[in-house]
Amino acid sequence: MDIRTPHRRCAGLTLIELLATLAAAVVMLALGVPGYRALTDTQRIHASANAIVANLQLARSEAVKRGQRVALCPSPDGIACAAGFDWSAGWLVFVDLNQDRERQPQEPLLRVGDAGAPLQILTSSSRRRLIYEPDGSVLGGSNTSFRICSPSVAERTRAVIVSMSGRPRVSERDAANQAVACS
């Protein structure tokens, strides 16, 4: 018995079909990437705002639980407090035993916070430190705002506002009810 397979043409793509598919893919990527970047920047800003709120809530609850002042300060190295208003590199949450608003080696370090993304995080000009009292309120006479901005997308900003009572909230406006602006 003679079994012959019929001659088949090889299945594949022609050069024109391949180029048309490649051109369509390039157009779709060109349209999709900017939207994806804006989405990821927005998610980074929201995640950083949530991280700040979580650290503020930790500091507040620890101050009440311990009956001692708990401080937050900007820290680029995770060891000591920085002098400025820029929290972009990270921050410390510690028990301020001697009430000097600086972390000493004997003072318990509760958490080292990190923005986790290349964002600009600044506090309002009146606060370099945030100190929670044992009753859960914030030491000082005014609300404080953390302004969170992305260097690449200026219109996507958030503010974490801490009231004098110590309660943090997230908003698109700062403590003075102004649109959040970073510079």
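The values are calculated or read from the model by the stated rules, or taken from the named source; none is laboratory data. All figures in this text were calculated on a predicted structure; none of them were measured in a lab. Positions of Cβ are backbone-derived with ideal geometry, glycine not excepted, and every protein chain shown enters the neighbour counts. Remember, those area values only see protein heavy atoms, side chains included, never the ligands or the DNA or RNA. Shrake-Rupley method; radii C 1.70, N 1.55, O 1.52, S 1.80 Å.
Tabulated values for the structure
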read-out	value
Size of charge dipole - region 18-92 - debye, nearest 20, with Cβ of Lys, Arg +1 and Asp, Glu -1, no other charges	300
Net dipole in debye of region 1-142 [+1 Lys, Arg Cβ; -1 Asp, Glu Cβ; about Cα centre; nearest 20]	360
Spacing of the two label points (7 Å from each Cα toward its C-beta) at Glu17 and Asp77, in nm	6.4
Cys81 accessible area, 1.4 Å probe, all protein chains in place, Å² to nearest 10	20
Probe 1.4 Å, all protein chains present, accessible-area order of Tyr132, Tyr36, largest first	Tyr36, Tyr132
Charge tally in the Cβ shell below 13 Å around Ser48, where Lys, Arg are +1 and Asp, Glu are -1, Ser48 excluded	+2
Check: region 76-123 dipole with +1 on Lys, Arg Cβ and -1 on Asp, Glu Cβ, in debye	100
